[in-house]
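See below for the structure under consideration.
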Amino acid sequence: MATYRKLICGVSSHISHVLGNGVQRAEFHLPSHITGIQSLGTRNVPWIISGRTMFVQTQDTPNPNSLKFLPGRMVLDSGTMNFAGPRDAYCSPLARQLFRIDGVKSVFFGPDFITITKADVEMEWKVIKPDVFAAIMDFFTSGLPVVNEDSKPNRDTAPSDDDDEVVAMIKELLDTRIRPTVQEDGGDVVFHGFEDGVVKLKLEGSCTSCPSSIVTLKNGIQNMLQFYVPEVDSVEQVKEEETAQI
């Protein structure tokens, strides 16, 4: 699985030093022409944004596998939200970005903090933290809402009582790994079933008439599904006329 790494022009980051009570501060440098924001505080406040810097803190929790990230701004207007897995993050662009980082098991939003729980006890936080810092900064500079309240799960990959373990895993991979990548290129992929080892998918948007759509289907999607789900023998494209008959 590819680690989430989003490079922003002119941005560099490093962890500056450890503060009291297990708090760390990550410092991100932005070119002054991007923000033009004056200093909003002193060293005594948990975050500082100026024309050149943005600070994100981390704080230990009683659970060594969980770490709090404090972006220095409101995350939720009220209450909390828990995302136990990638499929629960359909309503949050921020949670979806965080789940694309290798090692992230669950995400929890509080009023002014984000708690990340890692899946692998053996994986060190120093491996995950730089990608989490980058994802948080990238998101909060994008202007996107933390939560889209009117968002709904994709109907084709929504969990069903009829799904066996293999189908459930295929749907999760499509939702969390494959669909976001295809959508970045202006297309989408719709699940139309799994039978006798064959996954049936319909390509939409830019993927419909793309010359490399077959390559994407076979070398990209098929290879990934086969890697994680040995029961998958092949992936076949469902044509428009076939869809009309379903």
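Restricting segment 69-108 to residues that are over 15 Å from LEU173 (Cα atoms), buried (at least 21 other Cβ atoms within 10 Å of the Cβ) and among the aromatic types (Phe, Trp, Tyr) leaves a set whose member that is modelled with the lowest pLDDT is PHE83.
Considering segment 148-171, and only residues there that are modelled with pLDDT under 85 and in a helix (DSSP H, G or I), the residue that is surrounded by the fewest Cβ atoms within 10 Å (Cβ to Cβ) turns out to be ARG155. Determine if segment 169-179 includes at least one residue that is out of contact with any helix residue (DSSP H, G or I) (no Cβ under 9 Å at 6 or more places or on another chain) and of a type outside the set (A, V, I, L, M, F, W, C). No, segment 169-179 contains no residue that is out of contact with any helix residue (DSSP H, G or I) (no Cβ under 9 Å at 6 or more places or on another chain) and of a type outside the set (A, V, I, L, M, F, W, C).
Per-residue answers, yes or no, for (1) modelled with pLDDT of 80 or more; (2) within 27 Å of CYS91 (Cα to Cα); (3) not assigned by TED's automatic domain parsing to the domain that holds PHE83:
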residue: ILE136; (1), (2), (3): yes, yes, no
residue: LYS200; (1), (2), (3): yes, yes, yes
residue: MET224; (1), (2), (3): yes, yes, yes
residue: GLU231; (1), (2), (3): yes, no, yes
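Of all residues in segment 109-147, those satisfying the criterion of being free of Cβ contacts under 8 Å to residues at least 12 places away in the same chain and either crowded, with 18+ Cβ neighbours inside 10 Å or farther than 30 Å from GLU204 by Cα (or both) are GLU122, GLU124, LYS126. Could you check, for segment 174-187, whether at least one of its residues is under 27 Å from VAL75 (Cα atoms), exposed (fewer than 12 other Cβ atoms within 10 Å of the Cβ) and not β-branched (Val, Ile, Thr)? Yes - at least one qualifying residue is present in segment 174-187. Taking segment 95-143, which residues are among the basic types (Lys, Arg) and within 19 Å of GLN59 (Cβ to Cβ)? Matches in segment 95-143: LYS105, LYS118, LYS126, LYS129.
Does segment 120-129 contain any residue that is touching a helix residue (DSSP H, G or I) at 6+ places or on another chain (Cβ under 8 Å), part of a loop (DSSP other than H, G, I, E, B) and of a type outside the set (S, T, N, Q)? No: zero hits. Scan segment 55-62 and tell me whether some residue there is under 21 Å from MET169 (Cα atoms), among the hydroxyl-bearing types (Ser, Thr, Tyr) and crowded, with 18+ Cβ neighbours inside 10 Å. Within segment 55-62 (the criterion being under 21 Å from MET169 (Cα atoms), among the hydroxyl-bearing types (Ser, Thr, Tyr) and crowded, with 18+ Cβ neighbours inside 10 Å), the answer is no, since none of the residues qualifies.
Those residues that are closer than 30 Å to SER106 by Cβ and not in a helix (DSSP H, G or I), I need them from segment 194-221; list them, please. PHE194, VAL199, LEU201, listed by residue number.
The values are calculated or read from the model by the stated rules, or taken from the named source; none is laboratory data. Everything numeric here is computed off the predicted structure, so don't read it as measured data. Positions of Cβ are backbone-derived with ideal geometry, glycine not excepted, and every protein chain shown enters the neighbour counts.
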